[in-house]
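*Asks:* Once you've had a glance at the structure underneath, I'll fire off some questions.
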Amino acid sequence: MGVLADRVGEWLAFERWSGASINTIVGGDDVQSLPLPLLLAVSVALAAAGMLAWRKFRPVPTASNIAAAIAIMFAASWFVLDARWTWNLARQVQATFAQYGGKDWRGKHQAAEDAALFEFVEKARAELPATPARIFVASDRDYFRERAAYHLYPHNAFANPGGNVLPPPEQFKAGDWILVYQRRGVQFDPANGRLRWDGGAPVSAQIKLRGEGAALFLIQ
Amino acid sequence: MSSIGLLFGLLLTWAFGIACLAALPGTAGRTAAPGGPAWMIGAGGLAGVFLATLWLRALSFAGIAFSVWSIALPLLAATLALGLWAASRQPYRLRDAFRDARHTVWGALSGRSLDSTARILWCLLLAWLAVRFALLFAEVATRPLYPWDSWTQWATKARVWYEQGRIVPFVRVDEWFAAGGTSYIDAGPHYPGTVGLIQVLACTFLGRWDDTLMNLSFWMLAVAFAIAVYGALRAMEFDALWALAGTWLVSSLPLVNAHVALAGYADLPLAMYFCLAILAFMRWLKSREPADGALALLLLAACPLLKVPGRIWAFLAVPALLVGLLPRRGPHIVGAGYLIAALGLLLLAQTDPLLMGYRLHLDFAPDWEALANSFLLYDNWHLLWYGAVAVALLGRKHLLAPGVAPLTAVVAGGVMFLAFVLMFTNAREWVSDQTTVNRASLHLAPLIVIWMLMVFRAWALSLAAAASTPEGVEPPIDTIAEVATGATTDVAPAAPTNAAPDATPPAAPVAP
């Protein structure tokens, strides 16, 4: 009974949405000794093989029931998996409601995993011009870099798809912006209004907004 | 505008699609056939959304800004005009048509055509599906855009296009610097824009940017798709309960559900449009009605505009047509074509080329463990792949039976394409880390369910036919398939249906 309880526990473990859910649904615990789809498939296969073998030694009319029996076993096994999945989905909906329920668009982002970044970008947007501006995003983490760019649109955000590399200074022009979020190697000299990154040549810039591990600069 | 506006907009695009299909010549007489209304309602939903995105492209091309007026008014006018045109061709009055439609829909929903046990099962299954879609609705309507690619390369375009009121270009890094601020960039600048335009539509009707509610369009597409699958299966002469069971199999695949709940990727829309396009071609092969052909072409056109691999999937309609149009020679031509394509790719792979972004190589070393996890051990697909393999083995004699063969040609081509990409290109790495293997397979999965049902039915009927003959000998395969598909004949020069130029005369029908 203990072994069965362990297996059932693995199958019914709550699998909440993660970044990987769009690619893979494990179906319970990440690691399982006996995956439920395998168990059900083997059960149906053995029963079907038995029936088909039996058919060889039985009067022919019974053969007409074999297909129906296999279909019913297959559908029932599918239903078992689907019931587990529906139960998981229901729990997920409950969790999603607890996190986002009753909130408007802004409130939902303030309750999301990147709430601190969203808050900073909202403040940055208040500093940016009304018309879309070119803005470069720098962060050591791919997630923050891409996510900040997403929050900055429809400004013309540039989050280098090639990696954590800011373009060289000569590719910037006056009126461009730089949003820095948790990025090492960026230095600003407020006295002289000079900004440089990764040990490169400095450019003239003005700091427009400062946050915890974050800043917004306007290139001049 | 508000949520009411969004609801109105979604229903309007759906109604627009239905009106377009209803207005096509040859449709009127077929809505009374089993599954006819469900097919028109479901396929109409997908057609309407895609046509609406084409309208957005036209507006942008003409320099007219996206707005409720520039989108909703023309769609409303077109819906009314096409609807009235379709109604005027009906032999009875509009009021009677609505009454009949209500009667038909209610009759279908209540499972009236079934006996008592089957009717109970039908109602339970319908309730189960309703719970599923209710849960998915709750999730989509509550959660802001979540999965990675949805906000790095799909909704990025939607946000910019919605706020700018037009389609502006997204370009690669060097082009972006050269453009000096007139072009945009994201993680997938070369990706097609249809997903973004679907989100733009929703936000325009909503009247504001909302990266939660804009994804209700994808939920609506999933509902429409389920209805269309039911209609297609009914038209293939599955009874109401079996058709609903098939719809449940398609709609309960966990990865399909995940792509509805965490909407914003192009994979599920591509799977739905591709599946319905092939089903529409199957209908056309049987009916030769221009309406079915036009719908198939429209849905197929959506595939490359949804995602780059959609080009390959769209191309797979060719083998289906070849096999359907030339029942005797078609399978040989398609088989030879697949062989030549495989050999050609193997030769090409020796030069280490890039094909549609995939680097080919001859290093055959698939990650079997990851593949087994994806298809057999994890619950991505419930029992789909077990079932597909079992059905292919059990029904191997019926894979090329008329009615089944076109689908077999598509499924075989699709599986070969997936196997090649996942085993002979750099995409193998995405099998190991489980990032792409399931999403790539998703494009084919709904069609595999339908293929599985058809092959299984052909096998089951052959067993039944064998049981009913005194010697217990299975009748000829063509005869069984004829019973299974309900096709009147494979040649039938006098009949307008399923006319095949090189088909053999049909065998005498055998009752199941």
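Read the figures in this text as sums done on the coordinates, not as results from a lab. This one's a predicted model, so the numbers in the text were calculated from it and none came from an experiment. Cβ sites come from the backbone with ideal geometry, for glycine too, and all protein chains shown count toward neighbours.
*Asks:* State which stretch of chain B is the longest one without any exposed chymotrypsin sites (Phe, Trp or Tyr not before Pro), exposure meaning a DSSP loop state and at most 14 other Cβ atoms within 10 Å.
*Replies:* Longest run free of exposed loop sites: B:93-363.
*Asks:* Moving on to the next point. Hey, how many Å between the Cα centroid of region B:113-163 and the Cα centroid of region B:1-80?
*Replies:* Distance between centres, Cα-based: 20 Å.
*Asks:* Could I get the Rg over Rh figure for region B:19-158? Both from C-alpha atoms, Rh via Kirkwood, rounded to two places.
*Replies:* 1.05
*Asks:* Once you sort the root eigenvalues of the Cα gyration tensor of region A:96-220 as a ≥ b ≥ c, which label holds: rounded (a/c under 1.5), prolate (a/b larger than b/c) or oblate (the other case)?
*Replies:* Judged from the Cα gyration tensor, region A:96-220 comes out prolate (a/c at least 1.5, a/b above b/c).
*Asks:* About its Cα centre, how strong a charge dipole does chain B have in debye, to the nearest 20, once Lys and Arg get +1 and Asp and Glu get -1 at the Cβ?
*Replies:* The calculation lands at about 1220 debye.
*Asks:* Given a Förster distance of 45 angstrom, what is the FRET efficiency for A:Thr131 paired with B:Ala365, based on the Cβ-Cβ distance and rounded to 0.05?
*Replies:* Efficiency for this residue pair is about 0.30.
*Asks:* Separate question: Can you give the average number of partner chain beta-carbon atoms within 10 Å of each beta-carbon in peptide A:76-84, as a whole number?
*Replies:* 5
*Asks:* Return the tail of the calculated pair distribution for region B:308-458, meaning the percent of Cα-Cα pairs more than 22 Å apart.
*Replies:* Cα-Cα pairs in region B:308-458 separated by more than 22 Å: 44 percent.
*Asks:* Sticking with this one: Run through all the Cα pairs of region B:105-257 and give the fraction in each 10 Å bin from 0, expressed as whole percent.
*Replies:* 10, 30, 24, 19, 11, 4, 1, 0
*Asks:* While we're on this one: What are the equivalent ellipsoid semi-axes of region B:209-271, built from the alpha-carbon gyration tensor (square roots of five times its eigenvalues), in whole angstrom, biggest first? If you can, show how the numbers build up before the last one.
*Replies:* On the way: eigenvalues 134, 24, 15 Å².
Over the Cα atoms of region B:209-271, the semi-axes work out to 26, 11, 9 Å.
*Asks:* Right, another one. Kyte-Doolittle cut-off 1.0, length cut-off 27 Å along the helix's own axis using Cα: show which whole DSSP H helices in chain A pass.
*Replies:* On the way: long enough: A:36-55 (29 Å, 1.78); A:63-100 (55 Å, 0.59).
Counting only whole DSSP H runs, the qualifying helices are A:36-55.
*Asks:* Could you work out the relative contact order of region A:1-50, using alpha carbon pairs under 8 angstrom and six or more residues apart, expressed as a whole percent?
*Replies:* 37 percent
*Asks:* Further question on the same structure: Using Cα pairs under 8 angstrom and six or more residues apart, how large is the relative contact order of chain B, in percent?
*Replies:* Relative contact order, chain B: 15 percent.
*Asks:* A further question on this structure: Using the Karplus curve 6.51 cos²θ - 1.76 cosθ + 1.60 with θ = phi - 60°, work out ³J(HN,Hα) for each residue of region B:448-465 in order, rounded to whole Hz, and write x for Gly and Pro.
*Replies:* With the stated coefficients, region B:448-465 comes to 5, 4, 5, 4, 4, 4, 5, 5, 4, 5, 4, 5, 4, 5, 5, 5, 5, 5 Hz.
*Asks:* What FRET efficiency do you get for A:Ala174 and B:Ala179 if R0 is 22 Å and r is their Cβ-Cβ distance, rounded to the nearest 0.05?
*Replies:* E(calc), rounded to 0.05, equals 0.80.
*Asks:* Relative contact order for region B:76-218: what is it in percent, counting Cα pairs under 8 Å that are at least 6 residues apart?
*Replies:* Details: 103 pairs, mean separation 29.9, N = 143.
Over region B:76-218, the number comes to 21 percent.
*Asks:* Taking just the alpha carbons, could you work out the radius of gyration and Dmax for region B:262-313, both in angstroms?
*Replies:* Using the Cα atoms of region B:262-313, the pair Rg, Dmax is 11.6, 38 Å.
*Asks:* What do you get for Rg/Rh of region A:29-172 when both radii come from the Cα atoms and Rh is the Kirkwood radius?
*Replies:* Computed over Cα atoms, the ratio is 1.33.
*Asks:* When the expected Rg is taken as 2.2 N^0.38 Å, what fraction or multiple of it is the alpha-carbon Rg of region B:20-67?
*Replies:* Normalised Rg, Cα atoms only: 1.51.
*Asks:* How much mean residue ellipticity at 222 nm does chain B get from its helices, if each DSSP H run of length 4 or more adds -39500 (n - 2.57) and you divide by all residues, to the nearest 500 deg cm²/dmol?
*Replies:* The helix-only estimate for chain B comes to -21000 deg cm²/dmol at 222 nm.
*Asks:* Let me ask something else. With the cut-off at 1.5 for a/c, could you classify region B:217-325 from its C-alpha gyration tensor as rounded, prolate or oblate?
*Replies:* Oblate.
*Asks:* Region A:85-163: Rg/Rh from Cα coordinates, Kirkwood Rh?
*Replies:* Working: Rg = 15.7 Å, Rh = 14.3 Å.
My calculation puts Rg/Rh at 1.10.
*Asks:* Same structure again: Per residue of region B:404-415, what does 6.51 cos²θ - 1.76 cosθ + 1.60 with θ = phi - 60° give for ³J(HN,Hα)? Whole Hz please, x for Gly and Pro, Karplus curve as stated.
*Replies:* Those phi angles translate into 9, 4, x, 5, 4, 4, 5, 5, 4, x, x, 5 Hz.
*Asks:* How crowded by other chains is A:121-133, given as the mean number of beta carbons from other chains within 10 Å of each beta carbon? Write out the running numbers ahead of the final one.
*Replies:* Values: counts 0, 0, 0, 0, 0, 0, 0, 0, 0, 0, 1, 7, 1.
That works out to 1 on average.
*Asks:* Work out from phi, with θ = phi - 60° and the Karplus expression 6.51 cos²θ - 1.76 cosθ + 1.60, the ³J(HN,Hα) of each residue of region B:263-278, listed in order in whole Hz, and give x for Gly and Pro.
*Replies:* Each residue of region B:263-278 in turn: 4, x, 9, 8, 5, 5, x, 4, 4, 5, 5, 5, 4, 5, 4, 5 Hz.
*Asks:* Using 1/(1 + (r/R0)^6) with R0 = 25 angstrom and r between the beta carbons of A:Phe14 and A:Arg141, what's the FRET efficiency to the nearest 0.05?
*Replies:* Computed FRET efficiency for A:Phe14 and A:Arg141: 0.35.
*Asks:* Moving on to the next point. Just tell me how shielded A:150-163 is by partners: mean number of partner chain Cβ atoms within 10 Å of each residue's Cβ, no decimals.
*Replies:* 6
*Asks:* For a quick check of your reading of the filter: which chymotrypsin sites (Phe, Trp or Tyr not before Pro) in region A:55-156 sit in a DSSP loop and have no more than 12 other Cβ atoms within 10 Å?
*Replies:* A:Phe57
*Asks:* Cross-chain or 8 or more residues apart, Cα under 24 Å: how many lysine pairs in the protein assembly as shown fit that? Count them up, please.
*Replies:* Lysine pairs, 8 or more places apart or on different chains, close enough: 10.
*Asks:* Find which of A:Gly193, B:Cys123, A:Asn164 sits farthest along the positive direction of the dipole of the protein assembly as shown, computed with +1 on the beta-carbon of Lys and Arg, -1 on that of Asp and Glu, about the Cα centre.
*Replies:* Selected residue: B:Cys123.
*Asks:* Could I ask something else about it? Using amide H atoms built 1.01 Å from N in the peptide plane, name the residues 5+ places from A:Phe158, or on other chains, whose amide H lies under 5 Å from its own.
*Replies:* A:Ile135, A:Phe136, A:Val137
*Asks:* Mind listing which trypsin sites (Lys or Arg not before Pro) in region A:54-141 are in a DSSP loop and have 11 or fewer other Cβ atoms within 10 Å? Please report the intermediate quantities before stating the final value.
*Replies:* Values: sites: A:Arg55, A:Lys56, A:Arg84, A:Arg91, A:Lys103, A:Arg106, A:Lys108, A:Lys123, A:Arg125, A:Arg134, A:Arg141; in loops: A:Lys56, A:Lys103, A:Arg141.
Those that pass, being in a loop and sparsely packed, are A:Lys56.
*Asks:* In terms of modelled amide H atoms, which long-range or inter-chain residues lie less than 5 Å from the amide H of B:Phe170?
*Replies:* It is B:Tyr184, by chain and number.
*Asks:* What percentage of all Cα-Cα pairs in the protein assembly as shown are separated by more than 40 Å?
*Replies:* Values: 98873 of 267546 pairs.
Summing the P(r) of the protein assembly as shown above 40 Å gives 37 percent of all pairs.
*Asks:* Restricting to Cα atoms and excluding each atom paired with itself, what does the Kirkwood estimate give for region B:118-202 in Å?
*Replies:* About 15.4 Å, per the Kirkwood formula over Cα pairs.
*Asks:* Please give the calculated 222 nm ellipticity per residue for chain A, where each DSSP H segment of at least 4 residues contributes -39500 (n - 2.57) and the sum is spread over every residue; nearest 500 deg cm²/dmol?
*Replies:* Result for chain A, helices only: -15000 deg cm²/dmol.
*Asks:* Which value in Å does the Kirkwood hydrodynamic radius of region B:358-423 take, with 1/r averaged over all unlike C-alpha pairs and then inverted?
*Replies:* 13.7 Å
*Asks:* Could you work out the mean projected area of the convex hull around the alpha carbons of chain B, in square nanometres to one decimal?
*Replies:* Computed as one quarter of the Cα hull surface, the answer is 25.8 nm².
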